[in-house]
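Here the structure is laid out as structure tokens; the discussion comes afterwards.
The values are calculated or read from the model by the stated rules, or taken from the named source; none is laboratory data. Note that the structure is predicted; figures quoted are calculated from it, not measured. Virtual Cβ from ideal backbone geometry, glycine too; neighbours counted across all protein chains shown. Keep in mind that these areas ignore ligands, DNA and RNA; they rest on the heavy atoms of the full protein, side chains included. Shrake-Rupley method; radii C 1.70, N 1.55, O 1.52, S 1.80 Å.
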Amino acid sequence: MRTTLTTLFVGLLALAVQAQTTLTVPSASYPTIQSAVSAAAPGDTVAIGPGTYQEHVFWLAGDIKLVGAGVGQTIIDGTNDGPCLHIDVPLTAAAVIEGITFQNGYGPLLLVDLGLNFYWAECGGGILIESNNGPASPTIRDCRITGCYAEFGSAIAFLGSPGAAPVFERVEIDNCSGELLPPADPPSLIHGRFGRMTLSGCRIHDNDVYNLIHWGVIDSSIIPNPLLELVLNEVEIDHNVTRGAIATFFQSGVLHGCRIHHNGCLPVFPNSLPAMFGCYLADAGSGVAPFCDFSELAIEGNVDYASFFQVVTQAGLPAGGFRNCSLIHNQMHNQATALVRMGSYELGNSILHDNPRQDGTVPANAQVDAANPNPLRNCCLDVAQVGSTACIVADPLLVDGPGGDLRLASGSPCLDAGTTAVPGYLLGTGVSTDDLFGRPRIRGAQVDIGAIEAREGAVHPAADGTVGAGSGGPHDVLLLNGTTGNALREVRAGVGSSLQFTVAQPPHLATAVDFSIFGMLAEAEIEQVINVPLGVGPMSFLPAPLAPYLQPVFFTAASSIGSFNGVAPLTMASPTPWTSGAFSIPFALDLSFQAVLEEAPGLYTVSNLVVLKVD
């Protein structure tokens, strides 16, 4: 019986594989993307080769995959007279769009239901998702949308059915523009009416629009919706020009781990000054409780917004909360009266520092009224706030606030000064315990104030190494540009700047020693330790010879010994003391380095850690 079932399963699997066809573009059968998409059946993959395709692709094929050769390699050019991609069919997350640049799209004129009325508007210059016949929930990842135009959704317009949940992962949206004066509903870069939209790991930059994101309709109770939710997770929003908000949403929204910096607002209506984030929390007529959860946000270097958060609650106190934000070095509009307007919420564990109006005067930290007499809890402020709980008035002492390094320096009053009593959670994912960089919260006695949990005081001894540990050490012998870095073992350098390694002579040894410098293409977790066998001892990451199959993530940067276990060094070195030739790194990334020295035959010690941050 088992053999029969196995045979049947294998046969069904073979039929399923045969049914899933790859349609290649360009080819004799499919010279255009549209010809392949029109011929595709659910489960098929349309594989698009490198090149620029001047097309307006119309998707009616169900759950297929549209896969390009990569951003900048496969380009769909809308030639400024139609959307690059138009989807009007129910889809699940199995429908995938990947590795494509969408450029020069222009939104078609559609009749849009805004809740209070209908309006003719150009919608969806880059990607237009209608799906009037059922929910459309495609997965769009590793793509770019650039140079597109429309009134509603110059980059993305989602006008689909309730219950839809499109997901955008690692999508770059830039240099798009739209109508600058709002009609009945404010135009936007990303516009949605129904469902749940998630942007994760995306970057939105250098766009010129009214609102960047507008999610929902003005009166969502007119159109009952079981879920109306905007989710931004680890999204970077920078160097955009808006006339309105960064994001406005109705019913529910989640922002976590986002950086919002160097954006500018040019208000067009003096009596209606925009907040950076407008949160209008209604129940959407469905009985679903609205929620709003903002956490681990770094907001710095922005200009001319009237406030950061403006929360309006129409259904009591919704779920969620606002916590661990760093609102630093922004210039507010001259008519700004308060940095945050929290509705029924508290803002907790947050830094509000150096946010003057453009004329140099200082607005209030938060709006206080009868509806919310205590809007701030465990925050670090420049000036005292009436109606605050356990807040401190002090300089937060950042590593380099004006330079964009918002980490807490040693001695900061924000260290261990937060509270876990601040309400808030990420719906469906449990309690949020990671900071802006995705690192675990609460490394000391209590959670820190601000978006970044401090690392000082939590460095594992493995980052200090073992060189001379029994002879007055450990000694720092690994240097980069003549330094061992800050308290976090970090050395910062600009893209393309000159770099040079040094392995110093261990001060407790009279003779030169051999060594190998090992590297990792990531920032080492300096609170952790890897116990390396063969008598090496504790290190901050795994040396390359013990994981040769993981090259180039782990590599040997230099060695005076040569190859080991099949891993050759990038540079041959001589025994200590040794200084490398100059080199540079042409793009931003983090690298970690740690050396192993052979102080005597069979006696190994580990150098200090150096983390190189190129930005």
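Restricting attention to segment 148-158, which residues are part of a loop (DSSP other than H, G, I, E, B) and either surrounded by fewer than 24 Cβ atoms within 10 Å (Cβ to Cβ) or touching a residue at least 60 places away in the same chain (Cβ under 8 Å) (or both)? The one that is part of a loop (DSSP other than H, G, I, E, B) and either surrounded by fewer than 24 Cβ atoms within 10 Å (Cβ to Cβ) or touching a residue at least 60 places away in the same chain (Cβ under 8 Å) (or both): Cys148. Does at least one position in segment 130-137 carry a residue that is in a loop (DSSP other than H, G, I, E, B) and either buried (at least 19 other Cβ atoms within 10 Å of the Cβ) or modelled with pLDDT of 95 or more (or both)? Yes: segment 130-137 contains one or more residues that are in a loop (DSSP other than H, G, I, E, B) and either buried (at least 19 other Cβ atoms within 10 Å of the Cβ) or modelled with pLDDT of 95 or more (or both). When Leu406 is tested against (1) closer than 27 Å to Asn263 by Cβ; (2) part of a loop (DSSP other than H, G, I, E, B); (3) among the hydrophobic types (A, V, I, L, M, F, W, C), only condition (2) is not met.
Counting only strands (runs of 3 or more DSSP E) that sit completely within segment 498-615, those holding 1 or more residues that are of a type in the set (Ser, Thr, Tyr) correspond to 501-503, 514-520, 554-559, 589-600, 603-606.
Rundown of residues vs (1) charged (D, E, K, R); (2) surrounded by fewer than 17 Cβ atoms within 10 Å (Cβ to Cβ); (3) under 21 Å from Val467 (Cα atoms), yes/no style:
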{"residue": "Phe555", "(1), (2), (3)": "no, no, no"}
{"residue": "Ile561", "(1), (2), (3)": "no, yes, yes"}
{"residue": "Trp578", "(1), (2), (3)": "no, no, yes"}
{"residue": "Phe583", "(1), (2), (3)": "no, yes, no"}
{"residue": "Phe593", "(1), (2), (3)": "no, no, yes"}
{"residue": "Gly602", "(1), (2), (3)": "no, yes, yes"}
{"residue": "Thr605", "(1), (2), (3)": "no, no, yes"}
{"residue": "Leu612", "(1), (2), (3)": "no, no, yes"}
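All of Arg196, Arg259, Arg203 fail the test of being modelled with pLDDT under 90, closer than 29 Å to Leu436 by Cα and surrounded by fewer than 24 Cβ atoms within 10 Å (Cβ to Cβ), apart from Arg196.
Every residue, every condition in (1) buried (at least 17 other Cβ atoms within 10 Å of the Cβ); (2) under 13 Å from Val596 (Cα atoms); (3) out of contact with any Lys or Arg (no Cβ under 9 Å at 6 or more places or on another chain), yes or no:
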site	(1), (2), (3)
Val467	yes, yes, yes
Gly473	yes, no, yes
Ser497	no, no, yes
Val503	yes, yes, yes
Pro507	no, no, yes
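For the condition acidic (Asp, Glu), under 27 Å from the mean Cα position of the chain (by Cα) and open to solvent by less than 30 Å² (accessible area, probe 1.4 Å), Asp405 qualifies. No other residue among Ala547, Ala573 is over 15 Å from Val532 (Cα atoms) and either loosely packed, with under 13 Cβ neighbours inside 10 Å or out of contact with any Leu (no Cβ under 7 Å at 6 or more places or on another chain) (or both) apart from Ala573.
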